[in-house]
Amino acid sequence: MNSPLGEASIVTGPILIGLYLLAGGFVVVLLLRRPTPRVPTRRRLAVAAIAVLGGGGVGWAVAWLVSDVWNLYGISFSTATRLWISAFFAAATLAIVSLFQPGWVRKGLAVLAIPVFLLTAAAGINADFGAFTTLDSALGIGQYSHLDPAPVLGGVPKAGTVGTVTIPATVSGFVARPALVYLPPAARTANPPALPVVIMLSGQPGSPDDVFSSGRLAEIFDAYAASHDGYAPIVVVPDQLGSPENNPMCVDSSLGNAATYLTVDVPAWIRAHLHVTAGPAGWALAGFSQGATCTMQLGPAHPQLFGTLFAVSPELVPQVGSLAHTIAVGFGGSVTAYLAAAPSAIIAAHAPYAGLFAIFAVGGEDARYLPWSKTLNADAARAGVKTELLISPGTAHDWHTVIGAWTTALPQIAVDLGLPGAR
């Protein structure tokens, strides 16, 4: 059982505010210093200003290199994240300068301040991304126990339930972590109806837990179900990565047969264990970031499985590291195979479509993924897919975009999936 402290929010509330105040206190203490004949006030302030401005400038340059030049994380940092990186470098430089000033107490405070500044900047960046919402999620402590599909006596429950399941890789042999399943209230009744199903994929690095802890999917679906007599789609979140640092790119390769796992093993398990409607009209494939790229690779390639696609911030092409590395490890060195695995190429190869619906969503501040989403939306529309593009104002490549996108799109997706009572 999780502790109250472990379940406490680290994106809002007392913990985050406390960190901000603690870091601010250290900055004030390091700036304050009694003037002496050897170090007049003007000189002291000049040194502090140079340290803060110089450190902040270096931090901004580092953020630019990591995000826009080296592209280490495959995303373009938001302005808020760049400011947090700059603030850390500025504060850390002030602390380092203090180490060379007289007074052991001051030196000790400077040493203590640096990890506080680092932790505060990390917390601020995390709040901007919305990646880890609680201490437990940040520490990798799972929140969910094994799924209990038993009916709840006494009518329709007030909320759905989330639990872990094991989806065996019978055909693919893919080494996957446990999946998560959300059962809406209507699915927990004594005589549950057949419900549509959404297969949702996390980003990378990530895990199935992220969809519910960071993406708050259970809360969003419960809110929808509360106004629809307990009805909402079932959600299955399989592991398409194998581990957080892996990216098999949703193809079958030496990295693992992720494509077969998601299109053969996972659907077979769903049909055998959950009371769902027949596909493709009642089946949706969805994902965020790398999971959205997977959605636009596998969904258009398998219209016999999925009638609805929901891609939040997809890439134009699957990638793991450099282009050369991607082609080597994922496609056996074949440039032709790599180009054929791009979502736009898959869409063109299977066009024209009839009855396929795709919603693309992206943050309005996501400089890199916004044009990509527009491109894929246009490509899908030209191929006969019924499309919609949602742009989330004020968000970037983060879970805030996912939350807003699902909140906006779920009513429409429910209609497209033929959910009873959806309108």
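What to note about this one:
Residue by residue, here is whether (1) assigned by TED's automatic domain parsing to the domain that holds residue 216; (2) in contact (Cβ under 8 Å) with a residue 40 or more places away in the chain holds:
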{"residue": "382", "(1), (2)": "yes, no"}
{"residue": "390", "(1), (2)": "yes, no"}
{"residue": "393", "(1), (2)": "yes, no"}
{"residue": "401", "(1), (2)": "yes, yes"}
{"residue": "409", "(1), (2)": "yes, yes"}
{"residue": "421", "(1), (2)": "no, yes"}
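- Some residue of region 85-102 being assigned to a helix (DSSP H, G or I), free of Cβ contacts under 8 Å to residues at least 40 places away in the same chain and within 20 Å of the chain's Cα centre (by Cα): no
- Matching option when the condition is among the polar types (S, T, N, Q) and in contact with a Leu (Cβ under 8 Å, 6 or more places away or on another chain), among 375, 336: 375
Rundown of residues vs (1) free of Cβ contacts under 8 Å to residues at least 24 places away in the same chain; (2) within 24 Å of residue 317 (Cβ to Cβ); (3) not acidic (Asp, Glu), yes/no style:
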residue	(1), (2), (3)
255	no, yes, yes
260	no, yes, yes
265	no, no, no
269	no, no, yes
280	no, no, yes
297	no, yes, yes
300	no, yes, yes
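- For region 125-160, the set of residues classified as within 30 Å of residue 17 (Cα to Cα) and polar (S, T, N, Q) consists of 126, 133, 134, 137, 143, listed by residue number.
- Across region 238-269, the number of residues qualifying as among the acidic types (Asp, Glu), part of a loop (DSSP other than H, G, I, E, B) and under 23 Å from residue 182 (Cα atoms) comes to 1.
- Qualifying residue in region 328-347 (condition: farther than 24 Å from residue 387 by Cβ, crowded, with 17+ Cβ neighbours inside 10 Å and in contact with a helix residue (DSSP H, G or I) (Cβ under 6 Å, 6 or more places away or on another chain)): yes
- Residues that are part of a helix (DSSP H, G or I) and more than 20 Å from residue 408 (Cβ to Cβ), drawn from region 365-376: 371, 375
- Residue 21 of a type in the set (A, V, I, L, M), within 30 Å of residue 213 (Cβ to Cβ), at pLDDT 95 or above and not assigned by TED's automatic domain parsing to the domain that holds residue 369: yes
The values are calculated or read from the model by the stated rules, or taken from the named source; none is laboratory data. Since we're looking at a predicted model, the values are computed, not measured. Glycine gets a Cβ as well: all are built from the backbone with ideal geometry, and neighbour counts include every protein chain shown.
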